[in-house]
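What follows draws every value from the coordinates through simple rules; no lab data is involved. Keep in mind the model is a prediction, meaning the values are calculated, not measured. No Cβ is skipped: glycine too gets one built from the backbone with ideal geometry, and neighbour counts run over all protein chains shown.
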C-alpha cells in the first residue's frame, strides 16, 4: 500500500510539474505578447488556457481518487490536500496569463503597455516568467533554495507594482484614462501572479518542513498606500 | 460511523455559515465605509479579516481531521473536499472586503468613490452584500432557489463593472489618474466578490446535484472588451 501511495504521489507530482510548465509557457507568451502588441500570440495564450483548466481538473480528480482508494492519514493526507491547493493556484496563474493576453487583444492595434511604463512591465513580465520557471523546477526537484528565489522575484514584483502606481499618480504621468486603467490592471495581474507562485512554493516548503499553517496564507499587495 | 460523519458534516456546515456571516459583515461595513469615507469603519474591516482567516484555517483543519478519521469515500469525500474549496473562496471574499476597506483608508480624508460613479459603486456594494447574505442563507438552508439569486446579483455586478470602464473611458470622464486607478481597482474587487459568491454557490449546488465538474470553474470578467 505504501508503495502504491508513493507511486500515486509521483503521479501527482508529475502532473503538477506538467501544469506548471504549461503556466510558464502561458506567462512567457502572454508577457511577450503584451510587450510587443502581438495579438496572435495573445490569442494562443487565451486558447491554451482551457488546457490548463482541464489538467487542473484531472489532477483534482486524481487527488480525490487517491483520498478515496488509499485513505492516507497524517502527513500523507496533508500532501494530497496540498496538491489540491497547488492545483487551484496554478490554475489561477494560468487565468492571470490569460488576463494579460486579453488586455493585449483588447487594446490591439494600440499598444497595451502604457507609455513611460514599457521597461517596468517588461521587467515584471520577466520576473513572472522567472518565478514560473523556478516554481516548475521546485515542483520537479523540491530544491528548497528555489523557494527563496521565488520570494525574491515576488518582492521585486511588489516593488515594481508600487512603482507603477507612483508613476501613474505622479505629475509627470501623461497617460489618458485608458492607459491608466491598463497600467492598473496589468500591474495587479503581474503582481498577483508572483503571489500565487509564492503560495505554491510555500506548500512545497511544507512538504519538507511539515509546517502547515504557514503554507495556507497568501500575501497580497493590493494597492500601495500612497 | 455514518452518524458520526453526519455530525461532522453538520459541524462543517455550521462553520461555513459562521464564516459566511463574518464575510457578510465585512463586505457590508467595507462598502459602507467606501461609500461614506468612514475610515474608522474601514479599520474595523481590516482588523476583523484576521478572524476570518483564522476561522478558515480552523475549518480546513476540521475537514482534514474528518478525512483522516472517518475516511469518507464517493460523494461524502467530495463534500469534504468541497468544504475545503468553499473555505478558500470565503476567505478570499474576506480579503476582497479588506481591499475595499484599504482603498477607503488610503484615500482618506479624500473620498474613495470617484466623482460620477457614486451611485454605481453604492449599487455594486449593495449587490455584494446581497450576494453574501444569500450565500449565508444558502449555506444554512441549502435552498437551491438562492443559487439563481446569487447568479443574478453577479450578472448585475458584471454589468456595472463594464459600465465603470465605459464611464472611465468616455469623453465625459473628468477624473484624475488617481480617480481612474480607484475606479479600476474598486470595480474589479466588487466584481470579483460576486464571482467568488457564485463559485461557492455552485459548490453547494453540487451537494444536491452531484455534478462536480461544473462546480470547479470560476467565472471571471476581467476587463470589458471595449
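Before moving on, here are some points about what is shown:
- Residue within the stretch B:66-89 that is surrounded by fewer than 19 Cβ atoms within 10 Å (Cβ to Cβ), touching a helix residue (DSSP H, G or I) at 6+ places or on another chain (Cβ under 8 Å) and at positive phi present: yes
- Top-ranked residue of the stretch B:137-179 - restricted to ones that are assigned to a loop (DSSP other than H, G, I, E, B) and either over 30 Å from residue A:174 (Cβ atoms) or touching a strand residue (DSSP E or B) at 6+ places or on another chain (Cβ under 8 Å) (or both), ranked as nearest to the other protein chains (Cβ to nearest Cβ): B:142
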